[in-house]
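Worksheet for the structure shown next.
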Amino acid sequence: MSNFDSNSTQEVGEFGSKAWCEACGICGAKMLQKVDLPSDLRWAFTELYLNPHPRIVSEAWPVSGYYFMVDNGVVSGGAGVPEHCLSLPGFHVKASWAFICNQSRSKYGSSGQKQRSSEEEILKRQIEEHIGSPITVVDIMNSVWPKSIIAALSGDDPESKTTGLHNIAASLQRPSPEFSELPCTELGVPIFNKMTETQKLKFLQLCQI
């Protein structure tokens, strides 16, 4: 998969925008097309972003998300979350746009992914302590990962910060201005307890919490 390298990728749009979603979906499909997948494999990937910033969506683009899939040898992908994709086994997730937006621009390998998950859990816990009730910011509805799919999307080196679908998607993403002055970790995860009261209020409004 060395021909899919984020160093040669240019920003196309903000996280969740139609341009960015379309580019990610097409990239995921191309990565699947480059490997030998079982001819009878039926698998799909979807990400749906909840409560995206109003400038991200429009009447013509009301739902923010992207997909790619293989269905009995036919690979496709693009912007949106088709119902047919959701009916296939695979990885299907709904996530708060504001909660995961900023850190999605960071490039990392498998250890960085674990670090990001840990930092996001801290962010979630700090918000829950602040508001006094539990929240759901990421909802994984299905998680099935055939080895052939993992190999296609991960790249040759699991610790690479340039190859793999995530790093390419990160390189396609333009920064969103709401996060420019927020305290964040090195991976870009907002640090809720270091925000001012005004910043906390604005961030919760972005997340619609």
Condition set within 25 Å of Gln205 (Cβ to Cβ), of a type in the set (D, E, K, R) and loosely packed, with under 15 Cβ neighbours inside 10 Å, scope region 98-127, selection farthest from the chain's Cα centre (by Cα): answer is Arg125
Could you please tell me which pairs satisfy a Cβ distance under 8 Å, a separation of 6+ or placement on different chains, a first residue in region 128-156 that is farther than 15 Å from Gly28 by Cα and part of a strand (DSSP E or B), and a second residue that is at pLDDT 95 or above and of a type in the set (S, T, N, Q)? Val138/Ser96
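Within region 30-61, how many residues turn out to be aliphatic (A, V, I, L, M) and under 18 Å from the mean Cα position of the chain (by Cα)?
7
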Kindly evaluate Ser2 against the criterion of being more than 14 Å from Asn167 (Cα to Cα) and either surrounded by 15 or more Cβ atoms within 10 Å (Cβ to Cβ) or at pLDDT below 95 (or both). no
Matching residues, region 179-207, being closer than 17 Å to Glu128 by Cβ, out of contact with any Ser or Thr (no Cβ under 9 Å at 6 or more places or on another chain) and not in a helix (DSSP H, G or I): Pro190, Met195
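The values are calculated or read from the model by the stated rules, or taken from the named source; none is laboratory data. Here the structure is a predicted model, which is why all the values come from computation and not from measurement. Cβ atoms come from the backbone with ideal geometry, glycine included; neighbour counts cover every protein chain shown.
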